[in-house]
Amino acid sequence: MTRIAVLVSGGGTNLQALIDAQRHTALKQGMLAAVISSSPDAYALERARNASIPTYVVNRRDYPSNESMTHDLTELLQKLDIGLVVLAGFMYVLTGEIIRAFPNAIINVHPALIPSFCGEGAYGLHVHEQALAYGVKLSGATVHFVNEDCDGGPIILQKAVEVLDGDTPKSLQQRIMEQAEWKLLPKAVSLFCEGRLQVEGRWVKILPGL
């Protein structure tokens with residue numbers, strides 16, 4: 001059984017999708033062992049407590065740099081015997097220490113079809129503002145492994161979502177969450193925990209199930 005830690009900073013809607021998946025036994029071979037927030041005020045912590053998942057706070061404001069925060073976060077994850085780290089709306093860029101400690105064992109969900117509208121500054125509503133400003137007809141979500149390049153790791157799953165006339169950043173955000181993020185993330189987590197993801201360079205192969 002793979003012990004999963006979910007890193008959050010805000011409301012935790014993607015965390016809730018994982019909680020719901022676990023409740024319906026859809027996280028095969030995985031269990032939500034910890035929710036770790038960069039803020040003590042994140043509503044995601046309440047979601048975790050309601051699901052009886054242990055919670056921890058590694059408050060970014062307590063650290064002089066991302067490097068020092070990453071160091072303590074990595075130590076906490078190792079102490080908790082975590083096998084998979086999931087970034088679910090975690091708002092800070094983690095440094096190489098955690099990547100080296102958990103190679104191909106950190107995944108992130110991004111609200112666009114990478115390599116579009118990603119990288120530094122592309123987070124939250126900003127992603128959807130960029131998509132609408134460009135005039136794309138399709139956007140969507142991507143789940144990918146995390147490496148030292150922001151949003152640059154190998155892609156696990158993607159799903160396209162239509163952009164509609166009259167969309168606002170908020171309406172597009174909501175539709176992408178409902179139609180893509182909340183479906184892709186539990187699926188990717190389950191595939192990882194079943195040992196069905198094989199990374200070969202930039203390609204992630206999905207191996208057949210038993």
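The values are calculated or read from the model by the stated rules, or taken from the named source; none is laboratory data. What you are looking at is a predicted structure, and each value in this text was computed from that prediction instead of being measured. FYI the Cβ positions are ideal-geometry reconstructions off the backbone, even for glycines, and counts take in every protein chain you see. Calculation scope for accessible area: heavy atoms of the full protein, side chains included, ligands and nucleic acids excluded. Shrake-Rupley method; radii C 1.70, N 1.55, O 1.52, S 1.80 Å.
Some notes on this structure:
- Sub-9 Å Cβ pairs linking a first residue in segment 110-129 that is farther than 21 Å from F145 by Cβ to a second residue that is polar (S, T, N, Q) and open to solvent by less than 40 Å² (accessible area, probe 1.4 Å), at least 6 apart or interchain, are H128/S139, ordered by first then second residue.
- Taken over segment 184-210, the criterion of being surrounded by fewer than 16 Cβ atoms within 10 Å (Cβ to Cβ), within 19 Å of the chain's Cα centre (by Cα), within 25 Å of F117 (Cβ to Cβ) and without any contact (Cβ under 8 Å) to a residue 60 or more places away in the chain is satisfied by R202, W203, I206.
- Taking the criterion of being under 14 Å from L172 (Cα atoms) and surrounded by fewer than 18 Cβ atoms within 10 Å (Cβ to Cβ), the residues of segment 113-126 that qualify are G124, L125, H126.
- Per-region count, segment 127-160, residues among the hydrophobic types (A, V, I, L, M, F, W, C) and crowded, with 21+ Cβ neighbours inside 10 Å: 7
- Top-ranked residue in segment 41-94 [being among the β-branched types (V, I, T) and under 16 Å from the mean Cα position of the chain (by Cα); ranked as farthest from G12 (Cα to Cα)]: I82
- Taken as a whole, segment 91-112 holds at least one residue that is open to solvent by less than 40 Å² (accessible area, probe 1.4 Å), more than 20 Å from V6 (Cβ to Cβ) and among the hydrophobic types (A, V, I, L, M, F, W, C).
- Applying the criterion of at least 1 residues that are open to solvent by less than 40 Å² (accessible area, probe 1.4 Å) and at pLDDT 95 or above to the strands (runs of 3 or more DSSP E) found wholly in segment 1-89 leaves 2-8, 30-37, 84-87.
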